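Worksheet for the structure shown next.
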Amino acid sequence: MTAAATKQFRILVVDDEDLARQRVNSLLSPRSDFEVIGECSTGAEAVRAIRELQPDVVLLDVQMPELDGFAVVHAIGVHRMPVTVFVTAFDQYALKAFEAHALDYLTKPFDRERFETSLGRAKHQVRLRERATTAGEALRAPAVLRRRGDQPGRFLDGARRPRQRRARGDRSHRRTAAAKARAIKKGGLASTLQLEKSC
């Protein structure tokens, strides 16, 4: 069996409700591929735990004392967050969650099948991140483009400047986030997965 097949994915559970954390733990307990490395009941605790424990995945409640889930993402930084699955009883936060680069959005109460699907997607995303790191892909590094010798401010072949390309990427992400949020409200997971296949 390969190391990838036996890897335990480190998961942090963040929710201000004891019963909600117990429910997640009960769903995770039969699985040998996930290790719960910590639990947090406030946003401030979550920020500390993410920085200290560096989990692969975080199940993150939205409404919490001190800091809500989105404030946690802001404090850590979108691109430094673990793979994030928001968990909440309210679907009106879906758009904001996907704009914060959440992988998934679980609306309470959810069943085992929905939870297992989300875990599978989280594992896949963690592996993609690890492969990118191993391959040395500088995903956030600015592109190195050749410039015209006599016109140092212009790029060859009509290439966009890095700032222009980032702005275009941000607009594309916002459109995708909005579409995912609409799919969550209209048809739940099935609509969201169908949307992702078409993107």
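With (1) touching a helix residue (DSSP H, G or I) at 6+ places or on another chain (Cβ under 7 Å); (2) at pLDDT 95 or above as the list, and Glu52 as the residue in question, which single condition is left unmet? Only one criterion is unmet by Glu52, namely (1). Would you please name the residue that is modelled with the lowest pLDDT, looking only at residues in region 111-141 that are assigned to a loop (DSSP other than H, G, I, E, B) and more than 23 Å from Val73 (Cα to Cα)? Only one residue fits best here, namely Glu137. Contact map, region 20-49: residues that are not assigned by TED's automatic domain parsing to the domain that holds Met64 paired with residues that are aliphatic (A, V, I, L, M), Cβ distance under 7 Å, separation 6+ or inter-chain. No pairs are found.
The values are calculated or read from the model by the stated rules, or taken from the named source; none is laboratory data. Remember, predicted model here, so these are calculated numbers, not experimental data. As a convention, Cβ positions derive from the backbone with ideal geometry for all residues, glycine included, and neighbour counts pool all protein chains shown.
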